[in-house]
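One structure below.
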Amino acid sequence: MEVRKLENYLSDINESVDSVNYHHLRSYFAGLLEAGYQAASVNRSRSALRTFFNFLKREGLVSTNPVLEIRTLKKPHKLPVVVETEPLGRMLDASDVFSPGFEGLRDRLVMELLFGTGIRLSELIGIEIQDIDFYSAQVSILGKRSKQRLVPLTQQLLDLLGPYIKERDKCSPQHSFLILTDKGKPAYPTQIYRIVNHYLSLFSTHQKRSPHVLRHTFATAMLENGADLNAIKELLGHASLAATQVYTHNSVERLKKIYEQAHPRA
């Protein structure tokens, strides 16, 4: 497919495959971009043509591989999806959103933990009762590569944990995990996805409504309210600051939107 497209292009400019050089290819790939191809698609085309010209070189049909002179395109960074914190906060505080009893308490705790701490889905379902330190208001999180970190708990979370654990122990006192299913078994990823998707759909129009959206929202909210980037890195459990810096781009884009909406000459 990629070879055929290149051959059609070369035919249009009266060139043949064995005469292709850097300038021909540069013009060809530029044409793909102008036609609406994304960077990832152009890079795949480059990879296919590199393999093709390697074959021609092995067969002695060309002396060099001109594709090697073409650099791969940088893919644009996708900004993390976040939800607005004000409607999220109103939903979490509403008295009629979560049902009474164990299920409602658990669902609210799941939402509060993900938004209030920024932990990952896998970290959430891995929390055990013994990991919670009520005296110090913190929870021990086992992150990627079995790296442990301490994450502070908000007063809202502490107020939720007491009643929830009481109800949880009635359902299944033998399990050590904090978050349980309705049947008293350890929580699983699909269940958490369903919980988050349901409650975010009550106020958010975003198509992406996953636990990671709440993690992104936590980090963005922290940054916009003056938190140090290194502190956010530690809270999120990132191995390097580079992973955390994506939220600075998110904040800048949000500020641009606010500027465009608010400034009379924007």
Under 7 Å between Cβ atoms, which residue pairs at least 6 apart in sequence (or on different chains) link something in region 169-195 that is over 17 Å from I129 (Cα atoms) with a partner that is assigned to a loop (DSSP other than H, G, I, E, B)?
Q191/T181; Y193/S210
Matching residues, region 16-45, being β-branched (V, I, T) and in a helix (DSSP H, G or I)
V17, V42
List every residue pair whose Cβ atoms sit under 6 Å apart, with the two residues 6 or more apart in sequence or on different chains, where the first one lies in region 35-58 and is assigned by TED's automatic domain parsing to the domain that holds Y22 and free of Cβ contacts under 8 Å to residues at least 40 places away in the same chain and the second, anywhere, is in a helix (DSSP H, G or I) and surrounded by 16 or more Cβ atoms within 10 Å (Cβ to Cβ).
V42/F29; V42/L32; R50/V67; F53/V67
Taking into account only those residues within region 32-61 that are among the small types (G, A, S) and surrounded by 13 or more Cβ atoms within 10 Å (Cβ to Cβ), which is farthest from E2 (Cα to Cα)?
A39
State the number of residues belonging to region 1-15 that are part of a helix (DSSP H, G or I) and within 34 Å of the chain's Cα centre (by Cα).
1
Which one of the conditions (1) surrounded by fewer than 18 Cβ atoms within 10 Å (Cβ to Cβ); (2) in a strand (DSSP E or B) does E103 fail to meet, given that it meets all the rest?
(2)
Hey, any hits in region 194-202 for a residue that's among the aromatic types (F, W, Y), surrounded by fewer than 14 Cβ atoms within 10 Å (Cβ to Cβ) and modelled with pLDDT of 90 or more?
no
Looking at A242, A221, which is the one that is closer than 13 Å to E84 by Cβ, assigned to a helix (DSSP H, G or I) and either modelled with pLDDT under 90 or not polar (S, T, N, Q) (or both)?
A221
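Which residue out of V110, V82 is in a helix (DSSP H, G or I) and within 23 Å of Y193 (Cα to Cα)? Give the derivation first.
Working: V82 fails: in a helix (DSSP H, G or I).
Result of the check over V110, V82: V110.
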Lone qualifier among Q191, Q148 - being under 27 Å from the mean Cα position of the chain (by Cα), surrounded by 15 or more Cβ atoms within 10 Å (Cβ to Cβ) and not small (G, A, S):
Q191
Return yes or no: is S240 surrounded by fewer than 18 Cβ atoms within 10 Å (Cβ to Cβ) and among the small types (G, A, S)?
yes
Would you tally the residues in region 114-139 being in a helix (DSSP H, G or I), in contact (Cβ under 8 Å) with a residue 60 or more places away in the chain and of a type in the set (A, V, I, L, M, F, W, C)?
5
Looking only at region 111-154, count every residue that is of a type in the set (S, T, Y) and either at pLDDT 95 or above or closer than 23 Å to R209 by Cβ (or both) and tell me the total.
4
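The values are calculated or read from the model by the stated rules, or taken from the named source; none is laboratory data. All figures in this text were calculated on a predicted structure; none of them were measured in a lab. All Cβ positions, even for glycine, are placed from backbone atoms using ideal geometry, and neighbour counts span all protein chains on display.
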